[in-house]
Amino acid sequence: MPLRFPIAALVAPALALAAACSAPATSAPPLPPVTPIMIPPAMAASDGADALAGRVWAWQRTQLSDGKVVAPDAPDRYTLEFMPDGRAQLRADCNRGGARYDAGAGRTLALSAVATTKMGCPPGSLGTDFVRDLGEVGGYRFADGKLVLTLRVDSGSMYFAPLAR
């Protein structure tokens, strides 16, 4: 007498056994913890274009040619760092961003459009003013160990001090 046993009756237990013996599904590894931005060590002051790189500069104020002065309450929340590879990194209050820069002959300085995160900063934030003024930079100079970014068309200057370590 031929054995009439459905194939499904044999396959179903075999599949269940194989699934039970296989390794459990692994979830994605957890994200690394958020760490603060590392600040490079201070470099000796110099008067050349190489002095732009290697320091974090804290915005002290912008003084416009019409006499208006814009100054942050917390300069360390508005920083600019020129990297040796032509990138600039910045902090504009609660946002972070970056741009490309080109320091040319005669202390000219050109910054590309700044791209930033879009966090909603608290009322009174000067992040928008800071980024807008950086877009108007046309040159730079050093005065008493501080960085002065001159705005195009002699419309004013942005003043920076090396960030205290």
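Quick note: the coordinates plus some simple rules give every number you see, no bench work behind them. It should be emphasised that the depicted structure is a prediction, and the values quoted were computed from it without experimental measurement. Here Cβ is always computed from backbone atoms with ideal geometry, including for glycine, and neighbour counts include all displayed protein chains.
Numbers for the structure displayed
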{"read-out": "Vicinal HN-Hα couplings computed from phi for the stretch 95-104 (Karplus, 6.51 cos²θ - 1.76 cosθ + 1.60; Hz; Gly/Pro x)", "value": "10, 10, x, x, 7, 9, 9, 9, 9, x"}
{"read-out": "Rounded, prolate or oblate (a/c below 1.5 giving rounded, otherwise prolate when a/b exceeds b/c) for the stretch 56-110 by Cα gyration tensor", "value": "oblate"}
{"read-out": "Sorted by Cβ neighbour density within 10 Å, fewest at the top, the residues 136, 81", "value": "136, 81"}
{"read-out": "Long-range Cα-Cα pairs in the stretch 50-162 (distance over 22 Å), rounded percent", "value": "24"}
{"read-out": "Alpha-carbon centroids, the stretch 127-165 and the stretch 65-87: separation in whole Å", "value": "6"}
{"read-out": "Virtual paramagnetic centre 7 Å along Cα→Cβ of residue 76, amide N under 15 Å, in the stretch 94-125", "value": "94"}
